[in-house]
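Following: one structure in C-alpha cells, then a few remarks.
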Ligand SMILES: Nc1nc2c(ncn2[C@@H]2O[C@H](COP(=O)(O)OP(=O)(O)O)[C@@H](O)[C@H]2O)c(=O)[nH]1
Ligand SMILES: [Mg+2]
C-alpha cells in the first residue's frame, strides 16, 4: 500500500474534548486538558505515524467570542488551522443536548471544500437513549460526511474513526520523522504543562489570566534544570498562586515537576517564579508569552 498522509483540523466549542481526542488518537499527550474553557490557546499539531499513514492533527482553541488580544490570537489560530486540510473533525459534547448555537457553529464549516466528520464525544457519560435523539439533530445538514459517537477518555470507537480518517488522506509526504509527535518545542510543552496544573489547581478567574514563560532548560548529567515564570494580571492573583506560606506555588511546582519528568523521562529540578504583568492579554506583542504568530 502506498504511504498516505494529510492534515486534519480539529475544531469545536470549548471543553468538548478536542485535546483529549487528539491525545488519544496520537497515543501520547501532545495537548493539555482541563475542565475549564479556553485551556488550549495555540494551534498545536499532534502527529500519528503508522507503517502506512501519517496524520497531522491540528488542535485549536475552542470557538468563543474575543474579548482581548489573546482571544483574537486564539480565533485566528482556528481560522488558520482550517486552511488546506484533508478533513475537518467537528467535535461535540454528546453528554449534553445540542443547542441551536451548536448547530449554527457546525454549519459554518460546511461547504468550505473539505470533508467533515462530526465526532460526538463523551458517549461514556450518556445512554444510547439519551444520545440517539441528539444525533438525529445532525440529519439533513449538508456537508457532513460521517458522524461518529466516541469516548476520547475511554478510547471507545477510536479505531473506527482512525480508519475513516486514513481513508480521507490525500498526500504521500512524510511531514514528521517517526518519533516526532508534535510541532512544538520542549520549552512550549513544559510551559503548557505548568499552565495545565494551574488550571486544575486554581479557581476559575485566576488561570485565564496566567501565562507561563520557560526561561531555561539545561541538561545536567542525567537531569534537567528548568526555570520558568508564571505571569498573572493582578497582585491578588499572585497571592492566590503563591498561597499561604507558599503552599500554592509548592503544589503547582510538585505537580508540574512530576508531569514534566513523565514527559521527558528524566529527573527534573524546577524553579518557578511568579510575576504580575497587568493586562498582558491585551498587549500588542504577545510573542514573549508564546502567542506570536499563527502561520
Ligand atoms: N467523561 C468524559 N470526559 C471527557 C472526554 N473527553 C474529554 N473529557 C473531559 O472534558 C474536559 C475538557 O477536555 P479538553 O480535551 O480539555 O477539551 P477541549 O477544550 O475541547 O480541548 C476535561 O475535563 C476532559 O477530561 C470523554 O470522552 N468522556
Ligand atoms: Mg483543548
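Every read-out reported here was derived from the displayed coordinates using simple, explicitly stated rules and does not represent laboratory data. Just so you know, these numbers come straight off a predicted model, no measurement behind them. Ideal geometry is used to build each Cβ from the backbone, glycine not excepted, and the neighbour counts take in all protein chains shown.
So here's what we get for this one:
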read-out	value
Per-residue Cβ neighbour rank within 10 angstrom, fewest leading, 200, 280	200, 280
Over segment 22-91, relative contact order from alpha-carbon pairs under 8 Å, at least 6 apart, %	23 percent
Shape of segment 117-250, Cα gyration tensor, a/c cut at 1.5	oblate
0 to 90° range, to nearest 10: angle between helix 100-109 axis and the chain longest Cα axis	80 degrees
Helix-derived mean residue ellipticity, 222 nm - over the chain, DSSP H n ≥ 4, -39500 (n - 2.57), to 500	-10000 deg cm²/dmol
Projected area averaged over orientations for the chain, convex hull of C-alpha atoms, nm²	16.3 nm²
Fraction of the pair-distance distribution of segment 4-166 above 27 Å, Cα-Cα pairs, percent	17 percent
Distance between modelled label sites at residue 247 and residue 293, nm, 7 Å Cα→Cβ extension	4.7 nm
Segment 169-227 shape via C-alpha gyration tensor axes, a/c threshold 1.5	oblate
Fully extended contour minus Cα-Cα distance, from residue 271 to residue 80, at 0.36 nm per residue	65.3 nm
Principal semi-axes in Å for segment 234-294 [√(5λ), Cα gyration tensor, largest first]	25, 20, 7
Relative contact order computed over segment 4-166 (Cα-Cα under 8 Å; 6+ residues apart), in percent	24 percent
Exposure proxy ranking, count of Cβ atoms within 10 Å, fewest first, for 74, 1, 263	1, 263, 74
Relative contact order of the chain, defined on C-alpha pairs under 8 angstrom at six or more residues apart (%)	19 percent
Separation in nanometres of the label points that stand 7 Å from Cα toward Cβ, at residue 72 and residue 146	4.0 nm
Residue exposure sequence - 45, 223 - by fewest surrounding Cβ within 10 Å	223, 45
C-alpha long axis of helix 186-201 to longest principal axis of the chain, angle in °	90 degrees
Antiparallel bridge percentage (DSSP; both residues within the chain; nearest 5)	35 percent
Gyration tensor over alpha-carbon atoms, segment 93-146, equivalent ellipsoid semi-axes in Å	21, 11, 10
